[in-house]
Amino acid sequence: MVSVQIQAFLESKLNEFIIPSEKVAHVQLGNSLEHALLVLTKSGYSSVPVLDAQFKLHGLISSAMITESILGLERIEFEKLSDKKVEDVMTSEIPRLLPNFQLEKMVDLLVNHPFICVEDHDGFFEGIVTRRALLKQLNRQIHKLIHLKQ
Ligand code: AMP
């Protein structure tokens with residue numbers, strides 16, 4: 001009974017889970033790793049989407065990927081940050097959702113990923129859904145149900 005109510009509630013709010021593209025920190029193909037590291041450090045996020053100039057989604061880049069790519073045998077080769085490009089180290093193997101995604105699919109993917117990119121049928125980036133947004137809504141609903149029962 002309770003789970004049916006929570007599912008109905010979450011499904012009615014699916015669109016509200018999306019953080020729209022204009023509010024998502026991102027880097028573009030062709031950017032240097034130095035620029036990407038700056039975006040990641042300043043935003044405080046551990047990974048961000050990689051887009052092209054037309055706002056099509058190409059993958060994700062994380063600070064761990066960047067550090068790994070400049071690890072030398074005996075030291076971190078910081079000078080490589082300005083030579084290498086985002087496309088040299090990013091991953092394009094990422095889960096993606098279409099805008100009319102199912103709640104079940106979103107939750108499944110968020111088990112293993114802190115956020116999932118949403119793209120339209122032509123591959124244009126629409127935004128992200130995050131584990132935090134899902135848990136926030138779930139938390140709110142669970143509290144409501146508990147207080148209703150008392
Ligand atoms: P959160 O659930 O808010 O902690 O976010 C989890 C992850 O989603 C972050 O570490 C980032 O990789 C990504 N993320 C969340 N919000 C944004 C945003 N506004 N711009 C870029 N990435 C984000």
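With a sphere of radius 13 Å drawn around the Cβ of Gln7, what net charge do the other residues whose Cβ falls strictly inside it have (Lys, Arg +1; Asp, Glu -1)?
Once all neighbours under 13 Å are counted, the net charge is -1.
Mind checking which of Ala64, Phe115, Pro95 is farthest towards the positive end of the chain's charge dipole, using Cβ charges of +1 (Lys, Arg) and -1 (Asp, Glu) about the Cα centre?
Phe115
Quick one: which residues, 5+ away or cross-chain, put their amide H under 5 Å from the amide H of Leu97? H built at 1.01 Å from N.
Hits under the 5 Å cutoff: Cys117, Val118, Glu119.
Given springs between every Cα pair under 10 Å in a Gaussian network model of the chain, which of Val48, Val107, Val86 has the largest fluctuation?
Result: Val107 has the largest fluctuation of those listed.
With each run of n ≥ 4 DSSP H residues scored as -39500 (n - 2.57), what mean residue ellipticity at 222 nm is computed for the chain after dividing by its residue count and rounding to the nearest 500 deg cm²/dmol?
After summing the helix terms and dividing by residue count, I get -12500 deg cm²/dmol.
Per residue, how big is the convex hull around the C-alpha atoms of region 91-150? Give it to me in cubic angstrom, could you?
93
Any idea what diffusion coefficient the chain gets from Stokes-Einstein, in µm²/s, Kirkwood Rh on alpha carbon pairs, 37 °C, 0.692 mPa s?
My calculation gives 193 µm²/s for D.
One-quarter of the Cα convex hull surface for region 5-77, in nm²?
7.0
Where is the GNM fluctuation largest for the chain (alpha-carbon springs, 10 angstrom cutoff): Val129, Val24, Val50?
So, out of Val129, Val24, Val50, the one fluctuating most is Val24.
For region 1-90, what number of Lys pairs, 8 or more residues apart or on separate chains, have alpha-carbon atoms under 29 Å from each other?
Counting lysine pairs in region 1-90 gives 13.
Let me spell out the model: positive unit charges on the Cβ of Lys and Arg, negative unit charges on the Cβ of Asp and Glu, origin at the Cα centre of region 2-149. What dipole size does that give, in debye rounded to 20?
So the magnitude is around 920 debye.
Around Ser32, what is the net charge, scoring Lys/Arg as +1 and Asp/Glu as -1 over all other residues with Cβ under 13 Å from its Cβ?
Once all neighbours under 13 Å are counted, the net charge is -2.
With a length cut of 18 Å (Cα positions projected on each helix's long axis) and a Kyte-Doolittle mean of at least -1.0, go through the chain and give me the DSSP H helices that pass.
Counting only whole DSSP H runs, the qualifying helices are 131-149.
Readers should treat all values here as calculations from the given coordinates under stated rules, not as data from a laboratory. Since this is a predicted model, take the numbers as computed values, not measurements. Quick reminder, even Gly has a Cβ in these numbers, built from the backbone with ideal geometry, and neighbours come from all protein chains shown.
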